[in-house]
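Structure first, commentary second.
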Amino acid sequence: MTLQDLMPALVRQMAAFPRADAVRDIRRLAAHVLQVSPDRMTLHMGDDVTAGQKAQLHVLIARRAAHEPVSKLIGQRAFWGRDFAVTPDVLDPRPETECLIEACLGAGPAARVLDLGTGSGAIAVTLAAEWDAAAVTATDLSHAALDVARQNAVRHDVGARIEFVGSDWFDAVDGCYDLIVSNPPYIALAEMTGLAPEVRGHDPRMALTDEADGLTCYRIICDGALAKMVSGGRLAVEIGPTQGDAVALMMQEAGLVEIEIRPDLDGRNRVVLGRNR
Ligand SMILES: C[S@@+](CC[C@H](N)C(=O)[O-])C[C@H]1O[C@@H](n2cnc3c(N)ncnc32)[C@H](O)[C@@H]1O
C-alpha cells in the first residue's frame, strides 16, 4: 500500500478539520514518519508504506485530530530559518516572534544580549547565530525549558556563547546589557478560555498567561530594565496586539526614550522598542 492509497482514510480521520489543513498536516506528519524532507513529499506519495509506518501514521493523525500541534508531534518547529526542538515544556516559537527578531536585527548588532523567558531558546539562539560576536544570557523560571534551550543552542553551534540562567525575571541576572529582549507571557487570564485547543492544551500555561491582566510581566521588565542596561542600550518586547499603548507608557515612565510600537505584516501591533539615554 502506498501513501497515496492511504490518504483518503487519513483525511477521514481528520474530518473535523478543513480539508486543506488536514492534507497539509498529514503530509507533514507523513514526511516525519517516512523520514523525508517535507518539501519533497509529492515525490514520495507513490512510495510503499510498511505496516509499522502505517500504524505510526494513524496514531499521529489521531493525536492531531485531538488538537495536538504538528510541531509537538514531530518535536520541532522552524523559526527564522532554523529548526528548533520543542517539547511540552516550551512554547512553540511563533511567526509573530520573528517580528521581534527583525526589530532587534534592524537596530544593529549588540555585544551583550539578555533574553528574558527564553523558552525553546528561539530568540537567544537566533540572535547568537545572526550576531557571531554576541554574548547572550538566556533566562527562564522553568528549568525544563532551559534544558530544551540548551539543546537548541548546541544544535545551532552557539552553545559556547549563551549562558543559561534559572531566574525569576531579573532576580538572578548579573551585569549590564546592550539589548534586553523578551517575549513574556501576555495572555490575560480572561482570554485563556478563548485560545485554540492546540495552544491552551499544549503550550505550558506559565508561557502563556500571567494569570492576571496580561501586563504583569511588562511591569516587572520595564521597572527592572534600566538597572541592567548600558547607556544607549535597547529594550525590545513582543506584545499582544492591544497592548502597545500600555507597554509604551510603561517604558516612558521607566525613563526610556525613542519608544516605538511596531506592527506585523497584517498591521497588528507586535513589538515595543525603547532605548536607555
Ligand atoms: C511566551 S513564552 C516565550 C518563549 C520564547 N522566548 C519564545 O519567544 O518562543 C514566555 C516564557 O517566559 C517564561 N517565564 C514565565 N514566567 C517567568 C518568570 N517569572 N521569570 C522568567 N521566565 C518566566 C516561561 O517559562 C516561557 O518560557
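What to note about this one:
- Inspection of the range 120-131 identifies no residue that is within 13 Å of the ligand (Cβ to nearest atom), of a type in the set (S, T, N, Q) and farther than 24 Å from G240 by Cβ.
- Remark: W169 falls outside the filter, which requires a residue to be more than 12 Å from the ligand (Cβ to nearest atom) and either touching a strand residue (DSSP E or B) at 6+ places or on another chain (Cβ under 8 Å) or open to solvent by 10 Å² or more (accessible area, probe 1.4 Å) (or both).
- Scanning the range 102-150 for residues that are without any contact (Cβ under 8 Å) to a residue 40 or more places away in the chain and surrounded by 22 or more Cβ atoms within 10 Å (Cβ to Cβ) turns up A124, A128, V136, A138, T139, D140, L146.
- Near pairs, Cβ below 6 angstrom, 6+ apart or cross-chain, from the range 192-209 (in the same structural domain as V90 (by TED's automatic domain parsing) and outside any strand (DSSP E or B)) to any residue that is within 14 Å of the ligand (Cβ to nearest atom) and among the hydroxyl-bearing types (S, T, Y): M192/T209
- Meets criteria (aliphatic (A, V, I, L, M), closer than 21 Å to R19 by Cβ and part of a helix (DSSP H, G or I)) for A55: no
- Total residues in the range 62-86, condition surrounded by fewer than 15 Cβ atoms within 10 Å (Cβ to Cβ) and within 13 Å of the ligand (Cβ to nearest atom): 1
Conditions tested, residue by residue: (1) surrounded by 19 or more Cβ atoms within 10 Å (Cβ to Cβ); (2) under 19 Å from the mean Cα position of the chain (by Cα); (3) away from the ligand (no atom under 11 Å from the Cβ).
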{"position": "Y177", "(1), (2), (3)": "yes, no, yes"}
{"position": "V181", "(1), (2), (3)": "yes, yes, no"}
{"position": "E198", "(1), (2), (3)": "no, yes, yes"}
{"position": "P204", "(1), (2), (3)": "no, yes, no"}
{"position": "G214", "(1), (2), (3)": "yes, yes, yes"}
{"position": "G240", "(1), (2), (3)": "no, yes, no"}
{"position": "Q243", "(1), (2), (3)": "yes, yes, yes"}
{"position": "A248", "(1), (2), (3)": "yes, no, yes"}
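The values are calculated or read from the model by the stated rules, or taken from the named source; none is laboratory data. Given the structure is predicted, the values throughout are model-derived calculations rather than measurements. Methodologically, a virtual Cβ is constructed for each residue, glycine included, from the backbone with ideal geometry; neighbour enumeration extends over all protein chains shown. In case anyone asks, the SASA skips ligands and DNA or RNA and just uses the protein heavy atoms, side chains included. Shrake-Rupley method; radii C 1.70, N 1.55, O 1.52, S 1.80 Å.
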